[in-house]
Amino acid sequence: MIRKQKGTLDIFPDATGKWQYVESVCRKTAAKYGFGEIRFPTFEATELFSRGVGNTTDVVQKEMYTFTDRSGESLTLRPEGTAGVARALIENKKFSDTMPIKLYYIINCFRHEAPQAGRFREFEQFGVELFGSASAAADADIISLANSIIKNLGIEDVSLRINSIGCPSCRGGHRSALREYFSSCRDELCDTCKTRLETNPMRILDCKSEICKKFAENAPKTIDYLCDDCKAHMDLLESCLKEKGIEYTIDTSIVRGLDYYSRTVFEFVCGSIGAQSTICGGGRYDGLVSELDGPATPACGFGMGISRLLPAAKVPEIDNSPAVYIASMGEAAAVKASGLASKLRDKGVYAECDLVGRSLKAQMKYADKIGAKYTVIIGDSELECGRAQLRSMADSSQNEIEIDKIVEFFN
């Protein structure tokens, strides 16, 4: 037997309704904030992610699904959405449009990492991207959007944590301080972080190795090395969040796992869903578009893992049961039942009929099992007189109904 790949999911109709509800809340809330949907390819040139996400990140170094196609080009299944959106805007010359550009997406992403509760190798992500504003007010607006989605899903025990990792002009001082700090314990760092110590010491702060995490706890904090502009940006963000009534804490351990971030980084953490408690993460990435050969364009955004939201979301009971099951006896009645079911569906009514040759008794059991609210019973005698039996499944009451008026009855 061929089995699904490790870290992937099979989701059947009894569960997809919950996924669709969460997706719908994300879409509707984003629309109220002025975001429109973008769709873009599942795979891209590998260079997009090595340049955009960053060669020193775990994502690029360890987790990407990369392959060579028949023409010899290196391609990668997208591990995240932001780089693909930036590429699409650059290629289609959208940065000449009126700013800001506000986009959202629901996509499947792929990362080859150890599967565990809330973490998969193929996962669905809701993301938003806002291009064209350098103001911390834009950061606050996307944080407000994420906060609204979380509230609209009824998710409780959630805290917002924010930090600033500075900009290229002030990050040099922090990088030097990190290099000096971690040099004292270089021999105990993991092999990857020994390399990062020279190339990008900030990435050590995001290492998943328990040993590196321990050393990172007392490492120099980004917020202590901010330039005046970055401090002002952080101050404005805090003022905007307070004005919006959004509570937050400053968490200097947040650096996010992708190299394109600058200044604002943030996470929403849910205390009730276990170890993988971050349900939303994002921030600002003002240098990404220019890094990908587009015009210098400030940007910010976030991503939410749908599978992380589901366990904590309050999803209303979804009724997927048919309004009517049309039971039949005999070939002519089966043909009639099939036609009636189609006419009802054309009118927007969920109707079912027998497709596998069940006996009438078995059909009635099946109608009860799938939760049909009514059954219509048609046989040769009913066809002859033009009247069928209509049964309410709730109380088993039964009445006659003209076959020609069945569609009208359910509208």
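Values in this text are rule-based calculations from the coordinates and carry no lab data. The model shown is predicted, which means the values in this text are computed figures rather than measured ones. Every residue, glycine as well, gets a Cβ built from its backbone with ideal geometry; the counts of neighbours run over all protein chains shown.
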query: Seen from all sides and averaged, what is the projected area of the convex hull of the Cα atoms in region 49-117, in nm²?
result: 6.6
- line: Between residue 409 and residue 191, the FRET efficiency computed from the C-beta separation at R0 = 56 Å comes out, to the nearest 0.05, as 0.20
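How large is the helix-only mean residue ellipticity at 222 nm for the chain, computed as the sum of -39500 (n - 2.57) over DSSP H runs with n ≥ 4, divided by its residue count, in deg cm²/dmol to the nearest 500?
Taking each H run of at least 4 residues, the total per residue is -10500 deg cm²/dmol.
Using the beta-carbon distance between residue 12 and residue 159 and R0 = 30 Å, what value does 1/(1 + (r/R0)^6) give for FRET efficiency, to the nearest 0.05?
Computed FRET efficiency for residue 12 and residue 159: 0.35.
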- prompt: Which of the lysines could a cross-linker span from residue 32 if the Cα-Cα distance has to be under 20 Å and same-chain partners fewer than 8 positions apart are dropped?
  reply: 102, 151, 244
- prompt: Hey, any idea what Rg/Rh is for the chain, computing Rh the Kirkwood way over Cα pairs?
  reply: 1.13
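With a cut-off of at most 10 other beta carbons within 10 Å, and DSSP calling the residue loop, which trypsin sites (Lys or Arg not before Pro) in region 268-317 qualify? Please list them.
Filter output for region 268-317: 314.
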Prolate/oblate/rounded label for region 324-409 (Cα gyration tensor, a/c 1.5): rounded
statement: Long-range amide H partners of residue 250, meaning residues 5 or more apart or on another chain whose placed amide H is closer than 5 Å, are 162
task: Using θ = phi - 60° and the Karplus relation 6.51 cos²θ - 1.76 cosθ + 1.60, list the HN-Hα couplings for region 234-251 in order, rounded to whole Hz, with x at every Gly or Pro.
output: 5, 4, 5, 4, 4, 4, 5, 5, 5, 5, 7, x, 9, 6, 7, 10, 8, 10
- prompt: So for the chain, taking the charge dipole from beta-carbon charges (+1 Lys/Arg, -1 Asp/Glu), which of 25, 195, 65 sits furthest toward the positive end?
  reply: 195
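Percent antiparallel among DSSP beta bridges with both residues in region 324-409, to the nearest 5?
Taking every DSSP beta bridge within region 324-409, about 55 percent pair in antiparallel fashion.
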Magnitude of the charge dipole, the chain, Cβ model with Lys/Arg +1 and Asp/Glu -1, debye to 20: 340
message: Please enumerate, by chain and number, the lysines with C-alpha under 29 Å from the C-alpha of residue 62, excluding those fewer than 8 residues away in the same chain.
response: 4, 6, 194, 208, 213, 214, 221
- prompt: Angle, helix 360-369 long axis vs. longest principal axis of the chain, Cα atoms, 0 to 90°, nearest 10?
  reply: 30
query: What percent antiparallel are the DSSP beta bridges of the chain, to the nearest 5?
result: 80
task: Could you name the aspartates and glutamates whose alpha carbon sits less than 17 Å from that of residue 314, not counting residues in the same chain fewer than 8 places away?
output: 14, 23, 156, 157
task: Sort 122, 352 so the one with the fewest other Cβ atoms within 10 Å of its own Cβ comes first.
output: 122, 352
